[in-house]
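Asker: One structure follows; several queries about it will come next.
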Amino acid sequence: MSKELNIENSEELKELLVNINNMFTNLDIIKKHLEIQINIKEEETQDYLHELELAKLNGIDIMKVAKKLIETRKERREFKNKLELINTLKGYADKYITKGIIADTKQVIKNVIR
C-alpha cells in the first residue's frame, strides 16, 4: 500500500524531489550499464554453446556446461527485464526532461532547503 505524501514535512518532500532528480539524471547511465551486462551474458552464452559444440565432453561435463548456460540465460533475462523497466521510465523521463522538469525540480529542492 502506498504511503501518502505529507507536503507539510519539508524533509520528506526534499527527499522525494532529490530521488526524482536522481532518477531522471541517472537513467541513461543505468540503461548503458544494463546493455553492457546483457552483452556480456550474450558472449558467455556463445562461449558455452561453442564449448558444447566443439569440445569433446563426457556426459558430466556436458551437464556442467549446460547448467552454466542455463544460469547465464537466467541472469541475462533479469538484466533484460530491468532494461525494459528502465526504457519505460526513460520514456516518461524524456518527456519531462524536454519540458524542463530537471531544472524545475532542482529549483524546488533549493526552495525547500531554505
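Asker: In degrees from 0 to 90, rounded to the nearest 10, what is the angle of the helix 59-98 Cα long axis to the longest principal axis of the chain?
Answerer: Tilt relative to the chain: about 20 degrees.
Asker: What do you get for the angle between helix 10-54 and the principal long axis of the chain? Use alpha-carbon atoms, 0 to 90 degrees, nearest ten.
Answerer: 10
Asker: State the dimensionless ratio Rg/Rh of the chain (Rg: radius of gyration of Cα atoms; Rh: Kirkwood radius).
Answerer: Ratio of gyration radius to Kirkwood radius for the chain: 1.26.
Asker: Over segment 46-86, consider all pairs of different Cα atoms and compute the Kirkwood hydrodynamic radius from their mean reciprocal separation; express it in Å, one decimal.
Answerer: 11.3
Asker: Still on this structure, please answer the following. What whole-number value in cubic angstrom gives the convex hull volume per residue for the C-alpha atoms of segment 2-68?
Answerer: Dividing the Cα hull volume of segment 2-68 by its residue count gives 117 Å³.
Where a number appears in this text, it was derived from the coordinates with a stated rule and is not lab data. Remember, it's a predicted structure, so these values are computed and weren't measured experimentally.
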